[in-house]
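Some notes on the structure that comes next.
The values are calculated or read from the model by the stated rules, or taken from the named source; none is laboratory data. Since the model is a prediction, treat every value here as computed from it, not as a measurement. Please note: Cβ atoms are built from the backbone with ideal geometry, for glycine as well, and neighbour counts cover all protein chains shown.
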Amino acid sequence: MDTDRRISLIPEARTSYRTVSLILAVIALGLVMVQKANQDAFHGGNYALNLNLLWIGLSIIFVPVAMRVVMREVSRVERLGLVVLLGVALYVVKIQGSPTSFTLIDEYIHLRNTQNILRTHGLFGYNPLLPASAYYPGLAGVSAALVSVTGLNTFIAGLLVIGAGRVLISGCFFLVSEKVTGSARAAGVAGLIYAANPMFLYWSSSFSYEDLGLPLAFFVVWWISRTRRGGDLWAQLVTVSALAAVTFTHHISAFALSLLLVAWFAVEFFTRKANRGTLQVGLYAALIGTASVAWFLLVARPAAAYIFDQNVLPALEQIKTLVAGGRATRKLFSGGESPPSWYMLAGFSALGVIMLGFPLAVVRGWVAFGFRRIADVVRERPSTAVAVLMAASFPFTMIPRLTSDGGALSSRTSEYIYTGIGCLLGLLATEPRWSASLSVGKIARAIYSLMSGRRGNFLIAGMLFIAFIGNITIGNSYFQLLPPPLKPSGYPWIVQPDVIGAAEWAHAHLGPYEPFATDYTDSLALATYGSENPEPEEKIFPIFFDSGLDGATAQLIRTAKVRYILVDWRMTYGLPMNPGDYYFSQWEPSASNYTTPFRAADLEKFSNYTCSHMLYKNGPIEIFDVTGIERGTCVPKLVAATRQGGSQ
Amino acid sequence: MKSVRIELAAMILGLLAMGLEEFLARGPVSVVCGLLLIFVLPGFSVMRAVLSQGNLSMGEQALATLGTSLAISVCAAVFLGATIGLTRQSVAVLLGFIVIAACLTRLIRSGSLKRRKWED
């Protein structure tokens, strides 16, 4: 990467602290508006109005940074600082949405891992929410370490660790893309494009192992590019420890990093004479490749089933059917009722702007670097060639979104593909470094001129803004951009305080690690606040989809070894609003097709049969003891039938 | 001389961290020490052992410090969890030891550490 053709430096502008302070003040104003929107939503205010306030707040945060970063006379330090500042500001937006506890599904998974380490002081404790995640203990380990040495609670510790990761990813991506594009201004644009990816605002801010693994991977790429020529043993030790940290933290990040290093090595090796730096990259590629595969196959064995059997293979199967002419199995913009038309239009606009930007950026970069042939690109700027190839795969990563099993897969590729997209679209802001005559065609010259001067600044900033707003609509359900009200009217999509109370009661009175059956959202609270072991929903959901507790239902309770059942009557109040639209599992009978809430008769059975004893009741939350059924010592009978039989 | 003072200060903080369990009750001081131990000290001391001054800009140094600290803290946590157990004491001792070792390396090398310019 750092052997790309040298480009002479343009004079460095001075940092304008006054401008940065002004931008900081404007960002603070934006955050105040976001806070107001969240608080009002939490207290039951008008959702659409509060959403408008949220959009205004986000725009106020993004636009000044974008306008400043695309300007010419801005110092490198200021651009770097602004990109990091934007990343941190958007992280604060996520915290404002859930300021007192974790709310996203993956956060509970890793909270349980952290709790296991704090409880046992060891690794690989059983995690009922996602067993495979326990075998990548990097995030949980460092969070547990932070809790141990500071005494902070796990929520605050988790926020700090992911916050550190956010600073790292924003800063390191700027530095890497600066080398790829050869320009700090282009790197600033690349950083803004990356901050505009659909997952950046909420998903990439969550307490999840990818949100530590990916920043560490970005750090590795930058550190290798910085030290591979003149670095000493200590520099190499830093690289090795960072590679190990990525391996321990997240599988896909480790695989992606090894692929990137292999591509980097291959491009340099085959286009120019290999030097010590090239060989070092090859060595690190071999190291991370071997380590990540070995860890995956030898230590994290459940991860293979999770990644391939539960995610990749089903998605590929559905994609194959779709490509062969089958119907799409997933509704776009799903998650509750249909969002307004403008929401979907914004998403498509973002895609359109990004795709439109591709040829413009290629032409701009071609003219700016003075290339004559494609071979020039590979020989003189191999890292740029790799970035272009990554960006070119973007349209194909959209196809899985049309399938129910591929939607999540497609979403998560954004965090990787947008590194290439960012570097490519950053070329929109490149400038020629020499005064060679531009011997290019009229169209190329016209495109080049379009992106120049003050008009070019506005155009680039406008494209960035459309991409930012539109990608938020792609990456997030319309009804989940703001927190639900304190007392939700229907079935809530996040864990409620009364369920947390029930989970804590269960921990205190029933003991930890008891097998439970419940709906998916409430299982998150049971597994973390209660330290219980909710059984996988795809296994136990039939227990709830029957009006009787005898027969097949009792048999399932026995085979699944369920001892307790948590019933949430809010399932009967409203439709499920999580992406995928289900209460328990995507395999339940009416998943994605609910038109009416869950049947009350199916929940009444737990009170209407013998062998099911209510232990706890608080509002809509009930806990039943079905240990007798699980052990086979009690045969459930309808209470009315029992009374009738007894009276005879 | 200034360089030696920096190393000595880092070593003192490292020693303080190692004594976290014994001497520091949980409170604001413990929080600050713990945050420095996880996010700053390991990376800062290792960076000073790696580099001569002036190779990285301030922003790059800050990112390098943070990234290295996180990487070392992750590796330390996994190592402890897989071996003797991850506790307050074990984390503090191991990370404190790494800080002190890096500082000593810097002090030993500072006599022979030549200014290096890495090519960009």
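Tabulated data for the structure shown
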read-out	value
Residue in the range A:101-108 that is crowded, with 23+ Cβ neighbours inside 10 Å, in a helix (DSSP H, G or I) and modelled with pLDDT of 95 or more present	yes
Of all residues in the range A:629-645 being crowded, with 18+ Cβ neighbours inside 10 Å and of a type outside the set (A, V, I, L, M), the one that is modelled with the highest pLDDT	A:630
Of all residues making up the range A:563-607, the number that are touching a helix residue (DSSP H, G or I) at 6+ places or on another chain (Cβ under 6 Å) and part of a loop (DSSP other than H, G, I, E, B)	9
Only listed residue being in contact with a Cys (Cβ under 7 Å, 6 or more places away or on another chain) and either under 30 Å from residue A:560 (Cβ atoms) or at pLDDT 95 or above (or both), chosen from A:190, A:196	A:190
Qualifying position, being on the phi < 0 side of the Ramachandran plot, touching a helix residue (DSSP H, G or I) at 6+ places or on another chain (Cβ under 7 Å) and modelled with pLDDT of 75 or more, among A:357, A:407	A:357
Test: residue in the range A:205-219 that is modelled with pLDDT under 95, more than 9 Å from every other protein chain (Cβ to nearest Cβ) and assigned to a helix (DSSP H, G or I)	no
Cβ-Cβ under 7 Å pairs, at least 6 apart or on other chains, the range B:75-94 side more than 9 Å from every other protein chain (Cβ to nearest Cβ) and in a helix (DSSP H, G or I), far side surrounded by fewer than 23 Cβ atoms within 10 Å (Cβ to Cβ) and of a type in the set (A, V, I, L, M)	B:93/B:18
Residue that is at pLDDT below 95 and within 30 Å of the chain's Cα centre (by Cα), where the choices are A:593, A:533	A:593
Among (1) within 22 Å of residue A:165 (Cα to Cα); (2) within 14 Å of another protein chain (Cβ to nearest Cβ); (3) of a type in the set (A, V, I, L, M) - the single one residue A:20 does not satisfy	(1)
Meets criteria (part of a helix (DSSP H, G or I) and either within 18 Å of the chain's Cα centre (by Cα) or among the charged types (D, E, K, R) (or both)) for residue A:145	no
Residues (buried (at least 23 other Cβ atoms within 10 Å of the Cβ) and out of contact with any Ser or Thr (no Cβ under 9 Å at 6 or more places or on another chain)) located in the range A:530-543	A:530
Test: residue in the range A:124-133 that is more than 18 Å from the chain's Cα centre (by Cα), at the interface with chain B (Cβ under 8 Å from one of its Cβ atoms) and on the phi > 0 side of the Ramachandran plot	no
Residue selected from the range A:245-278 under the condition surrounded by fewer than 24 Cβ atoms within 10 Å (Cβ to Cβ) and closer than 30 Å to residue B:109 by Cα, by the criterion farthest from the other protein chains (Cβ to nearest Cβ)	A:278
Yes/no for residue B:22 being at pLDDT below 90 and of a type in the set (Asp, Glu)	yes
Residues (in contact with a Ser or Thr (Cβ under 8 Å, 6 or more places away or on another chain) and crowded, with 24+ Cβ neighbours inside 10 Å) located in the range B:76-91	B:80, B:86, B:91
Cβ pairs under 9 Å, 6+ apart, first in the range A:616-636 and at positive phi, second in a helix (DSSP H, G or I) and surrounded by fewer than 19 Cβ atoms within 10 Å (Cβ to Cβ)	A:619/A:498; A:619/A:569; A:632/A:558
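Here is a yes/no grid of residues against (1) touching a strand residue (DSSP E or B) at 6+ places or on another chain (Cβ under 9 Å); (2) crowded, with 19+ Cβ neighbours inside 10 Å; (3) in contact (Cβ under 8 Å) with a residue 60 or more places away in the chain:
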{"position": "A:463", "(1), (2), (3)": "no, yes, yes"}
{"position": "A:488", "(1), (2), (3)": "no, no, yes"}
{"position": "A:493", "(1), (2), (3)": "no, yes, yes"}
{"position": "A:503", "(1), (2), (3)": "yes, yes, no"}
